[in-house]
């Protein structure tokens with residue numbers, strides 16, 4: 001039985017390497033730190049959409065702005081009203 005359970009929960013490392021990874025940290029609705037961003041799809045003061053490679057993550061709110069951005073990380077400030085994951 002243990003061998004069967006082990007095989008059931010074994011995940012191929014090649015598969016895991018292809019899965020896009022991102023993390024999002026929000027302490028409140030005033031700032032989000034997003035790691036794993038592959039690009040900005042849309043940017044206005046009411047909407048920021050980020051590409052993760054497999055998903056678009058959309059932030060809607062008021063007075064949104066990009067506080068800082070690197071090759072893979074972004075910090076968005078403003079009054080964040082909603083977060084949506086678009087497949």
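The values are calculated or read from the model by the stated rules, or taken from the named source; none is laboratory data. Just so we're clear, the structure is a prediction, and the values are computed from it rather than from any experiment. Every residue, glycine as well, gets a Cβ built from its backbone with ideal geometry; the counts of neighbours run over all protein chains shown.
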- Message: Considering only residues that are farther than 13 Å from residue 24 by Cα and either touching a strand residue (DSSP E or B) at 6+ places or on another chain (Cβ under 6 Å) or in a strand (DSSP E or B) (or both), which ones fall in the range 57-76?
- Response: 60, 61, 62, 63, 64, 65, 66, 67, 68, 69
- Message: Step by step: first the residues of the range 28-37, then only those that are exposed (fewer than 15 other Cβ atoms within 10 Å of the Cβ) and in a loop (DSSP other than H, G, I, E, B), then the one that is modelled with the lowest pLDDT. Which residue is that?
- Response: 29
